[in-house]
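Below: the structure, in structure tokens.
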Amino acid sequence: MAKKSRQEIVLKGIPAAPGIAMGPAFLLDRQDFIVPERLILDEEAPIEIARFEEAVIHTKSEIEDIRAKIATEVGSTDAQIFDAHLLVLEDCMLIEEVIRRIKTEKKSAEYIFSEVLKRYIEIFENIQDEYIKERSSDVADIGRRVLKHLMGESRTHDFENLAVDLVIIAHDISPSDAVSMYNKKIMGFLTDIGGRTAHTAIIAKSLGVPAVVGLKDATLRISNQDFVIVDGRKGVVIVNPTDETRSLYSKEKVRLAEVDGANLNLKDSPAETPDGRRVNLMANFELYSELTGIKKYAAEGIGLYRTEFFYMNRLDLPSEEEQYQAYRKIAEEMKPNPVIIRTLDLGGDKFLSSLQLPKEMMPFLGSRAIRLCLEEQEIFKTQLRAILRASAHGNVGMMYPMIAGPGELRAANGILKGVKQRLRDKGVSFNENMPVGVMIEVPAAAMTADLLAKEVSFFSIGTNDLIQYTLAVDRANEKMAQFYEPGHPAVLRLIRRTISAAHDAGIKVSVCGEMASDPTLAVILLGLGVDSFSMSPASIFSIKRAMRSVRYQDAQEMARHALRLSTGQEVDEFMNAELKRLVPDFYAYGSQI
Ligand code: PEP
Ligand code: MG
């Protein structure tokens, strides 16, 4: 990309993980393309060609959108830099060469395209004219976008060789890429696409890495080595800040550290409202590194163990023994507090390189989570054996993700029963009474909560998916962010229905989606009768503070009123006003999102 501006610019995206990071930018996508060679059959060539053409069309419209946006927001001269991008996409020689080589070499569209692209980049780089030389990065940029459309999630980044602390900028970062950032020199990250509750954002929170997603064109507006400030609370990014802005943010960073320090006083206080309603605050767990935070913030257990992350970034599937050891270790560390292990939730935006599954048009509505486990029963049984064996060593519970009704629950429980019997036959010890629950994250599950409640030990409401599926809003799509409304009446009614069904059946309800970590929304959940909340460990104190500052009676009244409102925005406005009235310093401490 040719744009080299040293002026301070402010970009607005979606807040994904809290905190402030300041440092030099590193455009991840400016690395070489790593595209595995894949042979195709004769009859697959037309499909590959069609995929390639479609990817070019998508990329073109993406660039045209950005061009139009920059033209209105910045000016038509700046927008002209995208003409070069569009020219690459309209280059008949390039397009024809790719199509011809797919037919003759019988290799995948992405592989052939990446080969042709590399040659083009080389040609540009070897031209003496500095201006033309710079165009090579435009070609590379376009290439990455086309590859993104062709390869989707399966492309992975390489963080191994980072030598200095950097803020990563990428068009997209997959959840498995985010996991591999652990312990690397990454201070924060920014992406063009993605939503607040996408798994990439969730992992950023787990890693404690400030992140802003959905910035639309950050990769085009930030250059390598630009200095950037990432404000993960507000979703704001400042590129090449003035000295004044830098100093403001340095002070804000110190203030946030002080707030966190002050919050540590809450460690030994219970999550109890002034009028005596006690709830449990637990942690969501994805990576072993989170155990430090779980202890530091005194989580009262693990309310959601996202086991799929254990399967990621490796070439094989984890064995029963490996899983058993991992689950057992956490169960022992947390004892006597509970550890709720969620069975594999793959699909949607989470994929494994070890499990090549057919591509789906709509992966969030496809073979995801429990459906995949019911199809791939050997993988499921291996995990069930490991969980059951770990249950002998601590307070282990288990839950199934994405259950849509009693049919799937019974199918899963049928397999569980068989696995238990075989363990018994072999004399392997496990907890015969291990609690088994379901996640309520599909509207159909909420609507059948009365039926499900009779057959399980507990519910855990996954609001990230419940909102996505109820409102038909892709949780990972930044363009849909305005429609992703936790306070939407349909969402609140489904939650209320779920809680009533659970309590009528005498079982408890937890909320483990991101809604549980938002202080305002947590007050509504409290008022609706939720028994426990599970969230990223760093959010625990701000939720504890919220619980300790609002009377249960008031929370119930607020929830009742919220349920009578018509839109999520009305709910936000009502809650903000009401909380400020009842608890004047309610919003004074929030360092988290
Ligand atoms: C949810 O959907 O709210 C949830 C907790 O599960 P995940 O975010 O892993 O889909
Ligand atoms: Mg979910």
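What does the charge add up to near Arg475, with Lys and Arg as +1, Asp and Glu as -1, over the other residues with Cβ less than 10 Å from its Cβ?
Net local charge, Arg475 excluded: -3.
Per residue, how much accessible area does the chain show when a 1.4 Å probe rolls over the protein heavy atoms, in square angstrom?
Result: 42 Å² per residue.
In the stretch 177-264, which trypsin sites (Lys or Arg not before Pro) fall in coil by DSSP and have 14 or fewer other Cβ atoms within 10 Å?
Sites meeting the loop and neighbour criteria: Lys234.
Taking the stretch 345-386, which trypsin sites (Lys or Arg not before Pro) meet the DSSP loop condition and have no more than 13 other C-beta atoms within 10 Å?
Within the stretch 345-386, the qualifying trypsin sites (Lys or Arg not before Pro) (loop, at most 13 other Cβ atoms within 10 Å) are Lys359.
³J(HN,Hα) across the stretch 336-348 via Karplus (A = 6.51, B = -1.76, C = 1.60, θ = phi - 60°), whole Hz, x for Gly/Pro?
x, 5, x, 10, 9, 8, 8, 5, 2, 10, 9, x, x
Is the shape of the chain best called rounded, prolate or oblate, per the rule: a/c under 1.5 gives rounded, else a/b larger than b/c gives prolate, else oblate, with a ≥ b ≥ c the square roots of the Cα gyration tensor eigenvalues?
oblate
Amide H to amide H, which residues 5 or more places from Ile440 or on other chains are under 5 Å from it, using H placed in the peptide plane?
Answer set, sorted by chain and number: Ser460, Ile461, Gly462.
Would you mind telling me the share, in percent, of accessible area of the chain contributed by carbon and sulfur at probe 1.4 angstrom?
52
Counting helices only, and only those DSSP H runs with n ≥ 4, report the 222 nm mean residue ellipticity of the chain as the sum of -39,500 (n - 2.57) divided by its residues, in deg cm²/dmol to the nearest 500.
-14500 deg cm²/dmol, from helical runs alone.
Run the numbers for Arg551 and Glu333: contour at 0.36 nm per residue of separation, minus the present Cα-Cα distance, in nm.
Value of the extension gain: 75.1 nm.
Let me check I've understood the local charge: for His393, count other residues with C-beta under 13 angstrom from its C-beta, Lys and Arg +1, Asp and Glu -1. What total comes out?
Charge balance in the 13 Å sphere: +2.
Would you kindly state the longest site-free stretch of the chain, with sites defined as GluC sites (Glu not before Pro) in a DSSP loop (not H, G, I, E, B) surrounded by at most 11 other Cβ atoms within 10 Å?
Here the longest segment lacking exposed loop sites spans 161-431.
Relative to the Cα centre, what is the charge dipole magnitude of the chain, using +1 at the beta carbon of each Lys and Arg, -1 at the beta carbon of each Asp and Glu, and rounding to the nearest 20 debye?
2060
Please give the contour-minus-distance gain from Met361 to Glu96: 0.36 nm per residue of separation, less the Cα-Cα distance, rounded to one decimal in nm.
The Met361-Glu96 span can extend by a further 92.7 nm.
Computed FRET efficiency, Cβ-Cβ of Glu258 and Lys185, R0 30 Å: what is it to the nearest 0.05?
Efficiency computed from Cβ-Cβ geometry: 0.70.
For the ranges 389-397, 414-422, what's the packing order if you count other beta-carbon atoms within 10 Å of each residue, average per peptide, and put the highest first?
For the peptides 389-397, 414-422, the packing ranking is 389-397, 414-422.
Please turn the phi angles of the stretch 409-426 into ³J(HN,Hα) values with the Karplus equation 6.51 cos²θ - 1.76 cosθ + 1.60 (θ = phi - 60°), one per residue in order, whole Hz, x for glycine and proline.
Taking θ as phi minus 60°, the curve returns 4, 5, 4, 5, 5, x, 5, 4, 4, x, 5, 4, 4, 5, 5, 4, 4, 8 Hz for the stretch 409-426.
Report, by chain and number, residues whose modeled amide H sits under 5 Å from the one on Leu215, excluding near sequence neighbours (fewer than 5 apart, same chain).
When sequence neighbours closer than 5 places are left aside, the close amide H contacts are Ile14, Thr191, Asp192, Ile193.
Can you figure out the FRET efficiency of Val164 with Asp275, using R₀ = 60 Å and their beta-carbon distance, to the nearest 0.05?
E between Val164 and Asp275, to the nearest 0.05, is 0.70.
Determine the sum of side-chain charges near Met575: Lys and Arg each +1, Asp and Glu each -1, restricted to other residues whose C-beta is under 14 angstrom from that of Met575.
-4
³J(HN,Hα) across the stretch 48-58 via Karplus (A = 6.51, B = -1.76, C = 1.60, θ = phi - 60°), whole Hz, x for Gly/Pro?
5, 5, 5, 4, 5, 4, 5, 5, 5, 4, 4
Report, by chain and number, residues whose modeled amide H sits under 5 Å from the one on Leu27, excluding near sequence neighbours (fewer than 5 apart, same chain).
The list, which skips near neighbours in sequence, is Ile169, Asn224, Gln225.
Between the DSSP loop rule and a limit of at most 15 other Cβ atoms within 10 Å, which trypsin sites (Lys or Arg not before Pro) in the stretch 454-509 are left?
Loop-located and lightly packed - Lys454.
The values are calculated or read from the model by the stated rules, or taken from the named source; none is laboratory data. All of these numbers come straight from a predicted model, not from anything done at the bench. Methodologically, a virtual Cβ is constructed for each residue, glycine included, from the backbone with ideal geometry; neighbour enumeration extends over all protein chains shown. Quick note on the areas: whole protein, heavy atoms, side chains included, nothing else; ligands and nucleic acids left out. Shrake-Rupley method; radii C 1.70, N 1.55, O 1.52, S 1.80 Å.
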